[in-house]
Every structure is written in C-alpha cells, then in structure tokens.
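Here is the structure we will look at.
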Amino acid sequence: MPDIPITTLHSEVIWSSPWYRLRQDQIRLPNGEDGVYTVVDRYAGAVFIVPQLPDGQIVLIRNYRHTVQEWLWEVPAGGIQHGDSPEATALRELAEEVGGTTDRLTRIGHFYTMPGVSNEICHVFVAHDVNLGEPAHEVTEVMERHVMSLDAVLHMVQEGLIADAPSALSIMRALPVLRQRGDNPA
C-alpha cells in the first residue's frame, strides 16, 4: 500500500467562516474508483492547555456548549489565529478563559480531534505555576472557572464526567508532567 493511497483529483471550498471551511475533494480510491470526500478544514489548528497552579491544583472551566446544549468540563482551549504560534495562542487562551498568566509552558504533543471528517490538529501544553487574575471571555463564551486537585480531575476523567474528549485526552497526556511536582501527591 502506498504512503498516500487516496489521490485528490480536485478540491473546492464549498463554504467558509473565519474559523474553518468545508472543502469538497474529488478523490480516486486505491481500487481505482472515484468518489467525493467532504473535509472540515481547520485553518491553523488549536491548542489545549492544562493549567497548574503553584500549589499543584488544576484549573478547569465549566463551559456551556450550544452545539450539544450542555455544560461541559474542559481545559482552556482555542483556535490558532493566522500568523500566531501555538505557544502564543496557548498564552492568549489561558488569559482569556481563566485569567491565567505563566512564564513557563511545556509542550506535550499533538492529536487530531476528528480525523474522519476534519484535519484539525491540536497542540497540548501544560502551563506551570499559573497566576490567576480576571478572565476576559469573548461574548459567545459562557463559562465558569474552577480550581481542583489533580486527584479530583483524574477522578472526573475516569468517571466520564469530563465528556469533552480533547480535554480528557489533554489531561491524560499531561499527567506525567503534572505529577513531576514534588509537592503534588497525585
């Protein structure tokens, strides 16, 4: 099997917004048949930040998501704006969503949110020794900031209380770094 077994014959943007666009690809499958594949094309990706306070506690947000009409537990996150780095975006989102500042980010890695329909790549960071101030939410953001122990956050992930999959994955990917704190018993 070749490295890229599906050939794109033609691409057309069928809808766009400032955050993403829908792209329709005419493709050729490995068996020679032609088909159509619609992709949610996320311009520059996103970041997910696991904020840890100087005492080892974790900051989560409880975010109302209109798409599912539920309040979800999440880590701060946001889309990378054109020309920004993932690190700059992580610092901006940390400040906007939880009022946090830090001088130290650790890049954990990346993942894809929905590779069956989207090319969105998400970069995961731990924000160390976060100081909290006032959040600066966007008008469409309806959220609350909560501070809790790492043990409590892990319990929430294990029990399925954090139903936002990218947030749960970010926490689990960050766990080895979060546990490196000498004063954190988790």
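Structure notes:
- Any hit, the range 175-185, residues being at pLDDT 95 or above, within 27 Å of residue 40 (Cβ to Cβ) and of a type outside the set (Phe, Trp, Tyr): no
- Unmet criterion (only one of (1) assigned to a helix (DSSP H, G or I); (2) free of Cβ contacts under 8 Å to residues at least 60 places away in the same chain) for residue 170: (2)
- Taking the range 38-59 as the range and being farther than 26 Å from residue 142 by Cβ and surrounded by 15 or more Cβ atoms within 10 Å (Cβ to Cβ) as the test, the residues that pass are 39, 41, 56.
- For the range 133-146, the candidate set comprises residues that are of a type in the set (A, V, I, L, M) and exposed (fewer than 15 other Cβ atoms within 10 Å of the Cβ); within that set, the residue that is farthest from residue 64 (Cα to Cα) is 136.
- Residue in the range 147-155 that is modelled with pLDDT of 95 or more, assigned to a loop (DSSP other than H, G, I, E, B), surrounded by fewer than 16 Cβ atoms within 10 Å (Cβ to Cβ) and of a type in the set (Ser, Thr, Tyr) present: yes
- Put simply, of 92, 62 the only residue that is out of contact with any Phe, Trp or Tyr (no Cβ under 7 Å at 6 or more places or on another chain) and either among the polar types (S, T, N, Q) or closer than 15 Å to residue 137 by Cα (or both) is 92.
- Candidates in the range 75-111 are the residues that are within 18 Å of residue 134 (Cα to Cα) and charged (D, E, K, R); of these, the one that is surrounded by the fewest Cβ atoms within 10 Å (Cβ to Cβ) is 103.
- Residue match in the range 16-33 (condition: in a strand (DSSP E or B) and surrounded by fewer than 12 Cβ atoms within 10 Å (Cβ to Cβ)): no
Here's the yes/no breakdown for (1) in contact (Cβ under 8 Å) with a residue 60 or more places away in the chain; (2) out of contact with any Gly (no Cβ under 9 Å at 6 or more places or on another chain); (3) among the aliphatic types (A, V, I, L, M); (4) over 26 Å from residue 172 (Cα atoms):
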residue: 2; (1), (2), (3), (4): no, yes, no, yes
residue: 7; (1), (2), (3), (4): no, yes, no, yes
residue: 15; (1), (2), (3), (4): no, yes, no, yes
residue: 29; (1), (2), (3), (4): no, no, yes, yes
residue: 35; (1), (2), (3), (4): no, yes, no, yes
residue: 42; (1), (2), (3), (4): yes, no, no, no
residue: 49; (1), (2), (3), (4): yes, no, yes, no
residue: 60; (1), (2), (3), (4): yes, yes, yes, no
residue: 63; (1), (2), (3), (4): yes, yes, no, no
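The values are calculated or read from the model by the stated rules, or taken from the named source; none is laboratory data. What you see is a predicted model, and the numbers here were worked out from it, not measured in a lab. Cβ atoms come from the backbone with ideal geometry, glycine included; neighbour counts cover every protein chain shown.
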